[in-house]
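What follows is a short report on a single structure.
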Amino acid sequence: MSTWHVVRVPDPERWGPLPADGVLGVQNLPGAVARVGLRPGDPVFVRPDGTVDTGLLDFVRSKEFRNLERESKRNYATDIRILLDFLSSRGVAWRKATERDLADFRDWRCRAPENPQRIGGTKWNREAAAFTKLFKWGKVYPLPVDVSRREDRAADSVSSRVSWLTPRTWGLWSDIGLRGHTRAGTTAPGWESRTEIRNTSFVQLLLSSGLRRQEGGSLLTFELPTQQLRHGRYLHGRIAGAVTRSKNSRTFYTSVDAVGQVEAYVQSERAWTVQRAQEKGSYDRLPMMRLVTSVTRGLKPKVEWVDADGVVGGQDLSRLGWRERQWLFLEGPDGPEPAWLWLTEQGLPMAPDRWNGVFRGANLRCEEVLLTEEERKIERRFRLTEVRGRTPYATPHAARHSMALYMLILLNELFESRYGLTKADRRDFVLLFGDPWWLVKTLLGHADVETTKRHYLSPVAHLQLESILAAAETEAQDRDVEDLGDVFTRLARETAGIQDIDALLGEAS
């Protein structure tokens, strides 16, 4: 066998019970791992013979790797493991890899007809970046692959993770996947979900704000927006730089309705979950707890706390990463309770990546309700071509994509119909405030408007939105400007990648 394995260092609270006599002779395994210099989430590469590769262990502990974000570490480790399997099948150690080896590997990954799981250009470029980092650190020369070389990069690098659902389709997905509705719109017999309010309010927050999964999933209770804009339909808050991809704090906007749903969760499901955890003493057994003593306001809010040993500490709110945020607690009426907004059924902070499981479960339920029994029998990897478009499929990032698409269409509609701007007026408006692309780019927190166009809205960038929206205006002059259902339906019909309820239910009928 030539299969490598990757074992990741667990978070402190996820080690579970360890045997009293130690593991493989090590009495305090978490302590030993920490002394080696490994952090929670760090990968450990295990050779096919079951031994740890010390060279790759040094790479993981190097400054080139340890400064990566946790998700990047996970992705890079997954990519490197696949390459290690390929090299081992050839009997080649990774330090001995050549340009020929990597060329053959790329051909297999991207082009070989015999490979049923070929990858696209975007995925290859990510893998090439991981390999380049490894080979440069290991001083393997000439470099077997170098992502900075044009010939080693893919020309067809277009994100395959981009997906959109129209507002009505999000409603269908939420009703069936998160609320347990049948196709007829009624609650299914026996449906019970103790986290329904939590899940639906999280989705609505992402859809309204365009926050990434980690950004929305790392909010603290006192970070919920409270400041209303002038007309009162939106509120604005602040996302801490430490939980963003760019590491820069930014303002975000979300609707009053979305925040209201989150507040309903806080006052109902969350309050009950906290009470139950307090009664069980769950918080008393935590390995780390920082009780917040004050939160300053202003441009640079700071959190101050005292830990279980009485040690006082503090940090700028913008510099607290998501793991540190899980340690923050507030003094409630019945004892300490998490400052972390989203909690598990056990009353503990819910790690951002666990939202993937919530979305996965909702997708599966939509399949169960909207697909026939015969269609569900088809293995999922073969089902795509058979029943594509029969059921909505959503991810946390799809909420961000959908918000961007919605705002682009809404802003265009506002410019064209609500304000009645002439071409000259629109030119002046753009000079003052920016065009819809620029405004959406600001809402998403992108540094470059081209990123917005290329990665989020590329399927609609080629369309003549003016003519589409002009047609919608002609057909719906007497309706409110926010009734954009016809526009979305037309756009979904004419553009690949946009899921709309009419097409879904039409295909499924």
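The values are calculated or read from the model by the stated rules, or taken from the named source; none is laboratory data. Since the model is a prediction, treat every value here as computed from it, not as a measurement. Virtual Cβ from ideal backbone geometry, glycine too; neighbours counted across all protein chains shown. We work out accessible area using only protein heavy atoms, side chains counted, and drop any ligands, DNA or RNA first. Shrake-Rupley method; radii C 1.70, N 1.55, O 1.52, S 1.80 Å.
Round to the nearest 0.05 the FRET efficiency obtained for Q228 and E263 when R0 = 22 Å and r is the Cβ-Cβ distance.
Once the sixth-power term is evaluated, E becomes 0.95.
For segment 44-90, what are Rg and Dmax over the alpha carbons, in angstrom?
11.1, 32
Using only alpha carbon positions, build the gyration tensor of segment 160-261, then give the equivalent ellipsoid semi-axes as the square roots of 5 times its eigenvalues, largest first, whole angstrom.
Listed largest to smallest, the semi-axes of segment 160-261 are 28, 16, 14 Å.
Among K96/K123; K73/K280; K280/K300; K63/K96; K136/K300, which pairs are too far apart, with a Cα-Cα distance over 31 Å?
Beyond 31 Å: K73/K280; K280/K300; K136/K300.
Given a Förster distance of 51 angstrom, what is the FRET efficiency for I82 paired with D334, based on the Cβ-Cβ distance and rounded to 0.05?
0.55
Over segment 301-345, what is the mean sequence separation of C-alpha contacts under 8 Å (at least six apart), divided by residue count, expressed as relative contact order in percent?
24
Can you pull the percent of segment 43-178's accessible area that's carbon plus sulfur, 1.4 Å probe, other chains left in place?
49
Enter the accessible area per residue of segment 1-152 (Å², integer; probe 1.4 Å; all protein chains in place).
55
Residue by residue through segment 362-374, what is 3J(HN,Hα) from phi via Karplus (6.51 cos²θ - 1.76 cosθ + 1.60, θ = phi - 60°)? Round to whole Hz and write x for glycine and proline.
5, 4, 5, 5, 4, 5, 4, 7, 9, 9, 6, 4, 5
With a 1.4 Å probe and all protein chains left in place, how much of the accessible area of segment 328-380 comes from carbon and sulfur atoms, in whole percent?
Taking all protein chains in place, segment 328-380 shows 47 percent carbon and sulfur surface.
With every protein chain present, what accessible area does M403 have (1.4 Å probe, heavy atoms only), rounded to the nearest 10 Å²?
Accessible area of M403: about 10 Å².
Could you state the accessible area per residue of segment 161-304 in Å², with a 1.4 Å probe and every protein chain left in place?
The answer is 50 Å² per residue.
Using amide H atoms built in the peptide plane, which far-off residues or other-chain residues are under 5 Å from G347 H to H?
Excluding prolines and chain starts, which carry no amide H, there are no hits.
Per 10 Å bin, what is the whole-percent P(r) computed from every C-alpha pair distance within segment 207-282?
17, 43, 28, 11, 1
How many nm separate the modelled label positions at T98 and E151, each set 7 Å beyond the Cα in the direction of the Cβ?
Roughly 1.5 nm, to one decimal.
So, in nm, how far is label D448 from label E324 when the simple model puts each one 7 Å beyond its Cα toward the Cβ?
My value for the distance between the label points is 3.0 nm.
Can you report the principal axis dimensions of segment 236-391 using only the alpha carbons, biggest first, rounded to whole angstrom?
For segment 236-391, the Cα spread along each principal axis is 61, 39, 29 Å.
Report Rg/Rh for segment 127-216, rounded to two decimals, where Rg is the Cα radius of gyration and Rh the Kirkwood radius.
1.27
With the full set of protein chains in place, find how many percent of the accessible area of segment 221-272 is carbon and sulfur; take the probe as 1.4 Å.
So the carbon and sulfur contribution to the accessible surface is 49 percent.
Taking H placed 1.01 Å from N in the peptide plane, check which residues at least 5 places from M289 or on another chain put their amide H under 5 Å from its amide H.
Those qualifying (amide H under 5 Å, at least 5 residues apart or on another chain) are A308.
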